[in-house]
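What follows is calculated from the coordinates using simple rules that are stated; it is not laboratory data. All of these numbers come straight from a predicted model, not from anything done at the bench. We place every Cβ from the backbone using ideal geometry, glycine too, and count neighbours over all the protein chains shown.
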């Protein structure tokens, strides 16, 4: 563990033994997944990964931008249904794969 990583330590008693758990909050690229890779639930958008300005503008008009919560309601192979700012949308695979949570 490097010294620059923020580390939280928590000690607690369990079954008469003292245990210490360490949580490393440093950046891990494996934590980033697209909407097609996650299970239904609520997530925070980390970034929009596209170089197409029209797609980026379209997603921004829907309210889909970094830091905004997004809820995946259901998911199929080539589409997913999401809720963004009280609006329900069906996103195809191209749009869903551009949203990184």
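Annotations for the structure displayed:
- Listed from fewest to most Cβ neighbours within 10 Å, the set 71, 50 follows the order 71, 50.
- Stretching residue 89 away from residue 60 to a fully extended chain increases their span by 9.1 nm, per 0.36 nm per residue minus the current alpha-carbon distance.
- Between residue 44 and residue 78, residue separation times 0.36 nm minus the direct Cα-Cα distance comes to 10.1 nm.
- Projected onto its three principal axes, the C-alpha set of region 29-100 covers 29, 27, 23 Å, listed from the longest axis down.
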